[in-house]
Amino acid sequence: MKALTGLALAIAWTFASAPALAGGSGSVDVAAAGRFAGLALKCVNQEYPNKIAHTLAGDADVRPPRELYPAFHGCYDWHSAVHGHWLLARLAQRFPDAPFAAAARAALARSLTAENIAVETAYLQRGGRASFERPYGLAWLLQLSAELRGWKDPQAQEWARNLAPLEAEAAARIKRWLPDLYYPIRVGEHDQTAFSFGLIWDWAGVAGDTEMRRLLTDAARRFYFADRNCPLTYEPSGQDFLSPCLAEADFMRRVLGSADFSRWLKSFLPVIPVTAGAEWLKPGIVTNRSDPKLAHIDGLNLSRAWMLEGILRALPSTDRRIPALQAAAGSHRDAALPQVTGEHYEGGHWLGTFAVYLVTSHYTPSRD
């Protein structure tokens, strides 16, 4: 391992030595979880700097973020604030006695009031906002709801009830949009459909929303089922934080059974070797972590790691591609996790979520 200093060294050591969480292949202990929670706690109520996604219809619409989005005005932008709250909920649930747990709960309680969510819902329902945070931010909002729904804690259940109107509005917007969406969106940033479809699919399983699962299954058939030879060698683009090819496979493993997925993957990504080794897919290189777009590549390495692990877990245990997928997932994890330090706000306001999604194995396949 290359020389590391300070916090990066501590995080690298933690992930090399900590025991795995039950049911997950990632490793995280309370100290590492505390560092990730600290990134979210620092920003969920930090209003500025702020990049608002807000269309002005007149002078009256010129308002600060805390008034536009009283629950999710921190962490630089709305979607990062939403998944920062998901991070806090996920870690507080899994480490209820950790030193950071009380602060995490306090932050959730401050944001997820019925009053705040009513303002957020009214904002979303106003005219001219049909595409607001669609699909990425809405998908993370549904993931936050799923996390709260599954947390058997009275206060968490209260937060889930408070969030329910915004959850319902987000789900309704996705359902209205999916039948009209004629083409998939294959970019490596927020607008990509495959990654968000995976998050929404997982939420629908928790919420018991069979209509959403039906719409997503139809989207999978229309957009992805006939895809062949995805150009993985063209990736990454210069500011990707999601892999178009791997995200598509990670979504399709949710929709297809193991045998069908194995056959589909062979045609879709024939580049995956049947011999062990990670050389076939190298981690992306970050040249400047203070640049908000170039820093995306750290997120790409994190998301590639969980997508590769999700894919390999969905294959039959005898599949000869598993060692190569494991090796590539490991190389990406090792390259990315030591960089989640918060040294630069450009990455610190969101990379903690991607790290937690990886190390708590939130992507574990489920075809319920």
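The values are calculated or read from the model by the stated rules, or taken from the named source; none is laboratory data. None of these values were measured; they are calculated from a predicted model. Methodologically, a virtual Cβ is constructed for each residue, glycine included, from the backbone with ideal geometry; neighbour enumeration extends over all protein chains shown. In case anyone asks, the SASA skips ligands and DNA or RNA and just uses the protein heavy atoms, side chains included. Shrake-Rupley method; radii C 1.70, N 1.55, O 1.52, S 1.80 Å.
Points to keep in mind about this one:
- The condition (being among the basic types (Lys, Arg), without any contact (Cβ under 8 Å) to a residue 60 or more places away in the chain, under 25 Å from Met212 (Cα atoms) and out of contact with any Lys or Arg (no Cβ under 8 Å at 6 or more places or on another chain)) is satisfied by just one residue among Arg126, Arg105: Arg126.
- Checked against (1) open to solvent by 10 Å² or more (accessible area, probe 1.4 Å); (2) farther than 30 Å from Asp240 by Cα, Arg214 meets all criteria but (2).
- Checked against the criterion of being open to solvent by 50 Å² or more (accessible area, probe 1.4 Å), at pLDDT below 95 and within 27 Å of Gly208 (Cβ to Cβ), the candidates Thr360, Thr275, Thr364 yield just one match: Thr364.
- In segment 93-138, residue nearest to Ala57 (Cα to Cα) [restricted to those that are at pLDDT 95 or above and of a type in the set (Lys, Arg)]: Arg134
- Thr318 vs. criteria buried (at least 17 other Cβ atoms within 10 Å of the Cβ) and among the hydroxyl-bearing types (Ser, Thr, Tyr): no
- Matching residues in segment 332-353 - criterion: being over 22 Å from Trp140 (Cβ atoms) and in contact (Cβ under 8 Å) with a residue 60 or more places away in the chain: Asp334, Pro338, Thr341, Glu343
- Looking across segment 87-102, the residues that are in a helix (DSSP H, G or I) and either surrounded by 20 or more Cβ atoms within 10 Å (Cβ to Cβ) or free of Cβ contacts under 8 Å to residues at least 60 places away in the same chain (or both) come down to Leu87, Leu88, Ala89, Arg90, Leu91, Ala92, Ala101, Ala102.
- Only one of the numbered conditions (1) in contact with a Ser or Thr (Cβ under 8 Å, 6 or more places away or on another chain); (2) free of Cβ contacts under 8 Å to residues at least 40 places away in the same chain; (3) open to solvent by less than 10 Å² (accessible area, probe 1.4 Å); (4) hydrophobic (A, V, I, L, M, F, W, C) is not met by Ala329, and that is (1).
- Residue identified as in a loop (DSSP other than H, G, I, E, B) and either within 22 Å of the chain's Cα centre (by Cα) or under 30 Å from Leu294 (Cβ atoms) (or both) among Gly188, Gly84, Gly127: Gly188
- Selection count, segment 223-235, where residues are open to solvent by 50 Å² or more (accessible area, probe 1.4 Å) and touching a residue at least 40 places away in the same chain (Cβ under 8 Å): 2
- Scanning segment 247-272 for residues that are surrounded by fewer than 21 Cβ atoms within 10 Å (Cβ to Cβ) and among the small types (Gly, Ala, Ser) yields Gly257, Ser258, Ala259, Ser262, Ser267.
- Here Ala168, Ala204, Ala172, Ala146 are screened, and the one residue that is in a helix (DSSP H, G or I), out of contact with any Pro (no Cβ under 7 Å at 6 or more places or on another chain), modelled with pLDDT of 95 or more and within 24 Å of Ala101 (Cα to Cα) is Ala146.
- For segment 290-315, taking the residues that are basic (Lys, Arg) and within 18 Å of the chain's Cα centre (by Cα), the one that is surrounded by the most Cβ atoms within 10 Å (Cβ to Cβ) is identified as Arg304.
- Filter pass, Gly137 being of a type outside the set (A, V, I, L, M, F, W, C) and open to solvent by 10 Å² or more (accessible area, probe 1.4 Å): no
- Residue pairs meeting the criteria (Cβ under 6 Å; at least 6 apart or on separate chains; first at pLDDT 95 or above, in segment 32-58; second among the acidic types (Asp, Glu) and open to solvent by less than 50 Å² (accessible area, probe 1.4 Å)): Lys51/Asp77
- Test result for Arg66, part of a helix (DSSP H, G or I), surrounded by 21 or more Cβ atoms within 10 Å (Cβ to Cβ) and out of contact with any Pro (no Cβ under 7 Å at 6 or more places or on another chain): no
- Selection of first residues in segment 152-176 that are without any contact (Cβ under 8 Å) to a residue 60 or more places away in the chain and of second residues that are of a type in the set (Lys, Arg), restricted to Cβ pairs under 8 Å at least 6 apart or on distinct chains, gives the following pairs, ordered by first then second residue: Gln155/Arg105; Ala160/Arg149; Arg173/Arg134; Ile174/Arg134.
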